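The values are calculated or read from the model by the stated rules, or taken from the named source; none is laboratory data. As the structure is a prediction and not an experimental result, all values here were calculated from the model. Don't worry about glycine lacking a Cβ; one is built from the backbone with ideal geometry, like all the others, and counts go over all protein chains shown. Side chains are part of the model used for accessible areas, which takes the heavy atoms of the whole protein and leaves out ligands, DNA and RNA. Shrake-Rupley method; radii C 1.70, N 1.55, O 1.52, S 1.80 Å.
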Amino acid sequence: MLRAEYMATRSGFPHGSTDPLLELRRLSVAYGRLVALKDVDLRISSGELVCIIGPNGAGKTTLLKLVNGLLKPSSGEILFRGEQIESIPAYKVARCGITQMFQDVQLCPTISVLDNVMTGCHVWTRAGFLSTGFRRGHAREEEATMRASSLEQLNALGLTDRVTAMPRELSWGEQKLVGLARALVAQPSLVLLDEPYGGLMQHEIDKLSTLLRRLTCGGVTVLMVEHLTDVVMDVASKVVVLHYGEKIAEGEPQAIRNDEKVVATYLGE
Amino acid sequence: MAAVEVTDGITVEAGRARTRRRVLVGVGLAVVFTLPFWAGAYPVSIATMIGFHSILALGLVLLTGLAGQVSLGQAMFYGMGAYISALLTVRVGLPSWPSIFLAAAATGIIAAGVGFVILRLRGIIVAGVTLTVNLIFYYLIMSMGSVTGGATGMIGIPRLVYPGNLPYTAFIFLLVWLVVLALLVFSRNVVNSRSGRALRVLNVLSGGSEDTAQVLGINTMKYKVSAFVVAAVFASIGGSLYAHYTRVIEPSTFHVQLSVIVAIMVIVGGVTTPWGAVIGATVMICITEILRAVAPIVLGGPTGAYELVAYGVVLVATLLFLPEGVYSLPKRLKRRRRASR
Ligand SMILES: Nc1ncnc2c1ncn2[C@@H]1O[C@H](COP(=O)(O)OP(=O)(O)O)[C@@H](O)[C@H]1O
Ligand SMILES: [Mg+2]
């Protein structure tokens, strides 16, 4: 299955016009007796760049895990393009068009940069064990398409000279870019980013901001967890504040900065 | 366009290395496939045993080397192939060729069921559970005497029928090594493919993660079970061939000891490459044979205990000095030579 076909099989338009793209309804989850998220509501439209902020342990990573399917909520619903996804396994959520870059990136250490990015193409390809083992025609075609798309993506992120490198040979910033390439080559409509700016140097921060703006202009929606810095204020279209698992505020970055409740509980100190 | 750049980026040195490797493989193939025509009966029988063990070890390359699922159950699937093939020919009266395929299919289905249950467990526990299942299989074979012949096993398993007048041992030798070659190519294709990458991403033993794999859209359970089934089917084919070769089988051949030895073979050879399986099988069988010849003279007494000690020593030495297996030896030597220059 080629990329174009894959896009067509997903409901709606490639970068869907169904609104909202993602909706969380009274979402709650607990780890044992610790309530990590409580009755969180959230609506995200296509092309938005939403940033979740909150102190450590507020439940930000947990929220991403609920969206990508790794964690199942104890109550509430998650709708993606109007369809409920909270109870389907994570690998199927990925095929709906949701990808993520983890806080620690998690590249596969035993394969090259190019191979790592090619794993991002898994969602829109389908050659199985037998067809790859016997090198059937369609498996070879797919492999070539995956390779070309991945090289193109690496090229777009300025990593052309790193394709044959192993992950351990990369700087932290390069690892993050490769992680991003792996997420983007999947042709997602929603990208989840867990602290993408963490540990980056100034020129890498600027590069990432440019990249995120270009992404959202292209219709891709971004939901990211970050600290509220000037850089983030600049790229985010909406900020959501979590505090001990509850959403305490939501609005435009500037408004959040001036919100008394937020300032008192989070930005105050 | 970028693809072209990468291809161009491969240095002349790498190209030369590839040519050298191709020549080496060509010569190796020529030596192996002409062996029965110039070597004596003893070396041919040893090489046949290396072939059988290579088939078993090749199964573990995808399952253990790539997917990180340590299985100590290869002997069980080898036994299933042997017993199902033997039962179909001796008791049902089926011809021997189709029985090999039926045995492989049946073993694959059983392995899918077993794998579906076992592979829910994560990490090294899989090794313990597969070992236990192998033990259960052994006792089942022993206790179902009326069907399987119990401890004495089964006799009178028919030969494979083939055209021409090649001696049977030479025919089996060629067949086994053809199978080794086919499975080697199959495994190598999988390693360098979408499936191979999926297996590596979910390999928790080498720094991958099942959660990451899932978020990339990889159905981890499906891939782990597929690798388990492939390993089992490889073993089953080997087992059926073994049954039609020796024409007598007994349960002790398929005891956990063989599973452990096969696992040691792939570690010694190099667990992430199909070549490692063949190299490991060759090294270990040669050590066994040398010990069999030398130990009674030098040390006295039966060789069984010495063999186990030798396997242990070889395993520990590999883990200490060549953690990526004998396969990585040339690369290491080259790196050292370059460093000392
Ligand atoms: N796997 C887990 N098991 C138990 N508690 C967890 C687990 N993951 C997170 N928590 C707890 O849930 C709360 C929210 O965690 P998390 O979502 O990681 O916070 P954040 O990303 O906002 O720092 C914290 O109190 C954390 O200790
Ligand atoms: Mg976090």
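Summary table
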read-out	value
Projected area, mean over directions - chain A, Cα convex hull, nm²	14.8 nm²
Per residue, the convex hull volume that the Cα atoms of the stretch B:1-136 enclose (Å³)	215 Å³
Hydrodynamic radius of the stretch B:242-297 per Kirkwood, over alpha carbon pairs, in Å	12.7 Å
222 nm mean residue ellipticity, helices alone, for chain B (DSSP H n ≥ 4; -39,500 (n - 2.57); rounded to 500)	-24500 deg cm²/dmol
Buried on assembly, the stretch B:181-204 (at least 40 Å² less accessible surface than by itself, 1.4 Å probe)	B:PHE186, B:ASN189, B:ARG194, B:SER195, B:ARG197, B:ARG200, B:VAL201
Point-charge dipole on Cβ atoms (K/R +1, D/E -1) for chain B, about Cα centre, debye to 20	1040 debye
The stretch B:212-252 versus the stretch B:137-206: alpha-carbon centroid distance in Å	9 Å
Given charges at beta-carbon only (K, R positive; D, E negative), |dipole| of chain A in Debye	900 debye
Span-rule helices in chain B, defined as complete DSSP H runs reaching 18 Å or more along the axis (Cα) with Kyte mean at least 0.0	B:12-38, B:41-60, B:74-87, B:96-118, B:125-143, B:168-191, B:220-246, B:256-269, B:274-298, B:304-321
Convex hull per residue volume in Å³, alpha carbons only, for the stretch B:135-181	116 Å³
Cα-projected label distance for B:LEU308 with B:GLN257, points at 7 Å along beta-carbon direction, nm	0.8 nm
Area buried, chain A against chain B - accessible surface, total, 1.4 angstrom probe, square angstrom	3000 Å²
Gain on full stretching of the segment that runs from A:TYR244 to A:ASP19 - 0.36 nm per residue minus C-alpha separation	78.1 nm
Distance violations [Cα-Cα > 26 Å] among A:LYS92/A:LYS207; A:LYS65/A:LYS238; A:LYS176/A:LYS261; B:LYS224/B:LYS331	A:LYS92/A:LYS207; A:LYS176/A:LYS261; B:LYS224/B:LYS331
Where only C-alpha atoms are counted, convex hull volume of the stretch B:196-341 per residue in Å³	161 Å³
Among B:GLY128, B:VAL204, B:TRP177 - extreme Cα towards positive end, dipole of the stretch B:42-254, charges at beta-carbon	B:VAL204
Sum of -39500 (n - 2.57) over DSSP H runs of 4+, divided by residues of chain A (222 nm, nearest 500)	-10000 deg cm²/dmol
Distribution of pairwise C-alpha distances over the stretch B:42-254, 5 Å bins, in %	1, 8, 15, 19, 18, 15, 11, 7, 4, 2, 0, 0
The protein assembly as shown - percent of accessible surface contributed by carbon and sulfur, probe 1.4 Å	62 percent
Cα centroid separation, the stretch A:220-264 to the stretch B:82-117 (Å)	62 Å
Area of B:LEU205 that stays accessible when all protein chains are in place (1.4 Å probe, Å², to 10)	100 Å²
Protein-only accessible surface order, largest first, of A:TRP172, B:TRP38 at 1.4 Å	B:TRP38, A:TRP172
Compactness relative to 2.2 N^0.38 Å, alpha carbon Rg of the protein assembly as shown	1.12
Principal axis box of the stretch A:108-246, alpha-carbon based, largest edge first, Å	53, 31, 30
Rg to Rh, two decimals, where the stretch A:45-132 supplies the alpha carbon set and Rh follows Kirkwood	1.01
Centroid-to-centroid separation of the stretch B:307-341 and the stretch A:177-210 [C-alpha atoms, Å]	40 Å
